[in-house]
Structure formats: structure tokens, C-alpha cells
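Before any comments, here is the structure.
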Amino acid sequence: MNPLSFVVPFDVPAALAQIRAEGARFVAGGTNLIDLMKERVMLPQRLIDINRLALDTIEDDGHGGLLLGALARNAATAYHPLVLERYPLLSAAILAGASPQIRNMASNGGNLLQRTRCHYFYDVGVPCNKRAPGSGCPAIDGLSRQHAILGASPSCIATHPSDMCVALRVLDAVVHVATQEGERTIAFGDFHRLPGEQPHIDTTLAPDELITHIALPAAPRFAAHSIYLKLRERTSYAFALVSVAAMLDIGEDGLIREGRVALGGVAHKPWRVPQAEALLQGAPDAARFAAFADRLLEGAQGQGGNDFKILMARRSIVRALAMAVAGTHNNTGHGSTVMTRGAA
Ligand SMILES: Cc1cc2nc3c(=O)[nH]c(=O)nc-3n(C[C@H](O)[C@H](O)[C@H](O)COP(=O)(O)OP(=O)(O)OC[C@H]3O[C@@H](n4cnc5c(N)ncnc54)[C@H](O)[C@@H]3O)c2cc1C
Ligand code: SF4
């Protein structure tokens, strides 16, 4: 038996005071943390239920952007009229994940902090550098179908499982954080870490910091040409093997003025290379998209079991960009997903 206390603060200062206790953890929807506790992967000594904090709103920021509360549920976010109108890509990405029941519980803040789905991480009977630093990484010579092809290290080849975060990366979201010392912001590209030699640290958020909001800057030029393409083993309830969030600003002359692309399922964080995106400017043709895909995937390396992901990612990028040129799919049903098995 592990002793566990449970507290319910009613405001942010009270929550921040509680998190200083030994072994304390925030819990929001609990859809990831409680699973990890049941598997004994994470064993907090104190749970701080943050659901009474007034952080569940979705508001216009007064400049054409939105402020998403950390405790707004994934479903409420995906179906919010302003999200659908301004950021259909975000809506599609959220709805491509999990199931309706889970999206009703899952919070925006918790989605950012969900942990990898590496099966060795979930199995406390085997070593894992992310769970027990210094113990080893059995995935490298083991089952690696779900694992990273970009940005991995000899310590860890895990991927970040979120769909929502891939969209937030191309939308240049900013994470707002409350700390004992005040407030700070983290650019989304700096929020998740690559594993390096410290794969047990997933993000740049300190353990005693609370996510309060996620800010989305205005992006009206992209709303008409955006897509979230997710390839996975089943059409529901499966994490991405590869996913692509793509958005294009296309001028009246039909030329791409600006393009942004991020990948999910391939790295320890949503994978984006902003310097490569200049390659997307000009006529929207397959050769341009293929050259961009090669640049985005530069350095990609498989572990055997996931080698197929390199070609799958290349083809998915080209396909997603062509779909984005054709126009945004307002897919509020199941997300723009494609089932695959062994396909590349
Ligand atoms: C069967 C299943 C299938 C799934 N499929 C997908 C999928 O296809 N795609 C996908 O993207 N996701 C998927 N998910 C994951 C799901 O989206 C996440 O579990 C969910 O978003 C986590 O949110 P939560 O509020 O439940 O987090 P919790 O479980 O409550 O918390 C997760 C972590 O975040 C911390 N935390 C929560 N809120 C804050 C905050 N405001 N500030 C600081 N720390 C905080 C907690 O301490 C904890 O460490 C799936 C989950 C399940 C169970
Ligand atoms: S890939 Fe990372 S999470 Fe998976 S076993 Fe290796 S160290 Fe653990």
C-alpha cells in the first residue's frame, strides 16, 4: 500500500502551495495519470485535484487569437465555435485522438503533459531510462514499431503521443504558466524536450509549475487550407504511427505565400523545422512538396521495426500538403484519419 492524500484547492495560489509537498502531483481529467498509477509507473503521494480552478474558459484574446484554459476539456475545445472558425486544424487534430468519452474528460493542460505510450515504459518489470533513469532502453533492440525516427538518443527512442500538440506546434501556441514567483510563458516549440541523456524529463515545465492557459495567436490566412492527417493501426482508439499537421497561406494568384508543417508519432516532441518551410513558397506542386519532405525528414533513422515510418512520413507529408491545397476539411466527426497496416 502506498499512502496517498487527496486535496482540492479552489484557487491557483492554493494549488501552487500544495504542489510543493513531497511527491505531489496535479490531476485534471486523470485519463493518463490514473492509468499510470494503476500500472505503478507513477506513484504520487499527494494528488492535487485542480478541477475547481477557474481555468476552463475559451476566450477571444481581443487580437483575433484565443486563450484556451488549461482545464477546458478537449471535446469542449474541439467543438467551440471560435476554434472551428479560426483553427479548424486544431479541432481536427483533437478529434483524431482517443474516443468521445476520453475527450470529454481530458483537459488541454493534461494533453500537453501526457506521457509516452512506449510499452516498456508501462511495464515496471523491465528497465526503462524514462521511468528509472540509468536502467537502460529495451526498445532500442526490441519492439520499436511505435518509436521515433527523428531526434532520438541512445538513451531513449520514445515518441510523444499527442495529436493536439502537433497542431499547437504549427499554430505557434504559447503556454502560460503560474509559478510561486509569478507567471511565465513558454513558446510551444520549447515546451517538449528531446530525450538526450535525460529522457525522464519530458518538458521544460518545472514540477511545481501549473499550466493556466494556452494562447493561440491569430492565424486567419491559414484557416482555408489546413489539414490534420493521421495514420494509425485502427481508425479509432489508436495513437499515430505518423501524423501531419499542415497549413498553407495561398494567395489569389494560387501561389503558396507561407506554409507550416509539423509531424506527430516520429519524435519525442512534435517535429517541425521552421527553417525548411521557405521551400514551400511558390507553386503548389508535388515536386516542391517532396523536396520539403526530404528536408523535414533529414537525419531520419529507424531501429528496424519502425524503418517503414520514414517512407510513410515522406508520403504523408506530400499527401497532406496536397489535401491542404484542396481546402480545409472541417472534419468534426472522426478527424482526417487513414487506417493503415504495414503500409508505407
Ligand atoms: C485509451 C486512450 C486512448 C488515447 N488516445 C489518444 C490519441 O489517440 N491521441 C492523443 O493525443 N491522446 C490520446 N489519449 C491521451 C489523452 O488525450 C490524455 O490522457 C489526456 O489528454 C490527458 O489529459 P488529462 O486532463 O486526463 O490529464 P491527467 O491524466 O489528469 O494529467 C496528465 C499529467 O498532466 C499533469 N497536469 C494536468 N493538468 C495540468 C496543469 N494544468 N498544469 C500542470 N500539470 C498538469 C498531471 O499532473 C499529470 O502528470 C488517449 C488516452 C487513453 C486512455
Ligand atoms: S524508448 Fe524511452 S520510454 Fe521506451 S523503454 Fe526506451 S527509455 Fe523507456
- Item | Rough spin-label spacing in nm, given labels placed 7 Å along Cα→Cβ, for GLU59 and ARG221 | 2.9
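Rounded to the nearest 5, what is the percent of antiparallel bridges among the DSSP beta bridges in the chain?
Details: 37 of 47 bridges.
Antiparallel bridges make up about 80 percent of those DSSP assigns within the chain.
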- Multiply the residue gap between ASP285 and ASP190 by 0.36 nm, knock off their C-alpha separation, and tell me the result in nm, one decimal place. 31.1 nm
- Message: Which residues among the stretch 231-247 fall inside the zone where the amide N is under 19 Å from a point 7 Å beyond the Cα of GLN101, along Cα→Cβ?
- Response: 234-239
- Note on the structure: Between the residues ALA300, ILE227, LEU255, the Cα farthest towards the positive end of the dipole of the stretch 222-339, that dipole coming from +1 and -1 charges on the beta-carbon of Lys, Arg, Asp and Glu, is from ALA300
- Item | Cα-centre dipole for the chain with unit charges at Cβ (Lys and Arg positive, Asp and Glu negative), debye to 20 | 1000
- Query: How large is Rg over Rh for the chain, taking Rg from the Cα atoms and Rh as the Kirkwood inverse mean of 1/r across Cα pairs?
  - Reply: 0.96
- Item | Prolate/oblate/rounded label for the stretch 5-51 (Cα gyration tensor, a/c 1.5) | oblate
- Would you please give the residues with an amide H less than 5 Å from that of VAL27, counting only those at least 5 places away or on a separate chain, with H modeled from the backbone geometry? ILE48, ASP49, ILE50
- Protection proxy ranking of 92-105, 177-190, 254-267 - average other beta-carbon atoms within 10 Å, highest first: 254-267, 92-105, 177-190
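Hey, any idea what the orientation-averaged projected area of the convex hull of the stretch 202-251's Cα atoms comes to, in nm²?
Numbers: hull surface 24.3 nm².
Orientation-averaged projected area of the Cα hull: 6.1 nm².
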- Message: Treating only the Cα positions of the stretch 1-149 as identical point scatterers, give the base-10 log of I(q)/I(0) from the Debye formula at each q in 0.09, 0.18 Å⁻¹.
- Response: -0.37, -1.13
- Message: For a Förster distance of 56 Å, can you work out the FRET efficiency between the beta-carbons of LEU84 and MET1, rounded to the nearest 0.05?
- Response: 0.75
- Task: Output the DSSP H helices from the chain with an along-axis C-alpha extent of no less than 24 Å and a mean Kyte-Doolittle hydropathy no less than 0.0.
- Result: 308-326
- Note on the structure: Given backbone amide H placed at 1.01 Å from N, residues whose amide H is under 5 Å from that of SER5, ignoring those fewer than 5 places away on the same chain, are ARG46, LEU47
- Note on the structure: Asserting the computed 222 nm helical MRE of the chain (DSSP H runs at least 4 long, -39500 (n - 2.57) per run, divided by residue count, to nearest 500) equals -6500 deg cm²/dmol
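Out of the total accessible area of the chain (probe 1.4 Å, heavy atoms of protein only), what percent is carbon and sulfur?
Values: 7870 of 14660 Å².
About 54 percent, which is the carbon plus sulfur part of the accessible surface.
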- Which value, in Å² and to the nearest 10, is the accessible area of VAL126 when all protein chains are kept and the probe is 1.4 Å? 40
- In what sequence, largest accessible area first, do TYR87, TYR122 appear using a 1.4 Å probe? TYR122, TYR87
- On the full set of protein chains, 1.4 Å probe, figure out the accessible area of SER236 and give it in Å² to the nearest 10. 60
- Task: In whole Hz, with x marking every Gly and Pro, tabulate ³J(HN,Hα) for the stretch 14-30 from phi via Karplus 6.51 cos²θ - 1.76 cosθ + 1.60, θ = phi - 60°.
- Result: 5, 5, 5, 5, 5, 5, 6, 5, 3, x, 7, 9, 6, 10, 10, x, x
- Task: Report P(r) for the stretch 222-339: all Cα-Cα distances, bin width 5 Å, range 0 to the bin holding the largest distance, values in whole percent.
- Result: 2, 12, 23, 25, 19, 12, 6, 2, 0, 0
- Query: If you keep only loop residues by DSSP, which chymotrypsin sites (Phe, Trp or Tyr not before Pro) in the stretch 207-264 have at most 13 other Cβ atoms within 10 Å of their Cβ?
  - Reply: TYR237
- Under a 1.4 angstrom probe, counting protein chains only, how are HIS160, HIS63 ranked by accessible area, largest first? HIS63, HIS160
- Message: Charges on Cβ only, +1 for Lys and Arg, -1 for Asp and Glu, centred on the Cα centroid of the chain; of LEU279, ALA290, SER5, which one is farthest towards the dipole's positive end?
- Response: ALA290
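The values are calculated or read from the model by the stated rules, or taken from the named source; none is laboratory data. The structure displayed is predicted, hence computed values, not measured ones. Because the Cβ atoms are built from the backbone with ideal geometry, glycine has one as well, and the counts that use them run over all protein chains shown. Heads up: the accessible areas ignore ligands, DNA and RNA and are worked out on the full protein's heavy atoms, side chains in. Shrake-Rupley method; radii C 1.70, N 1.55, O 1.52, S 1.80 Å.
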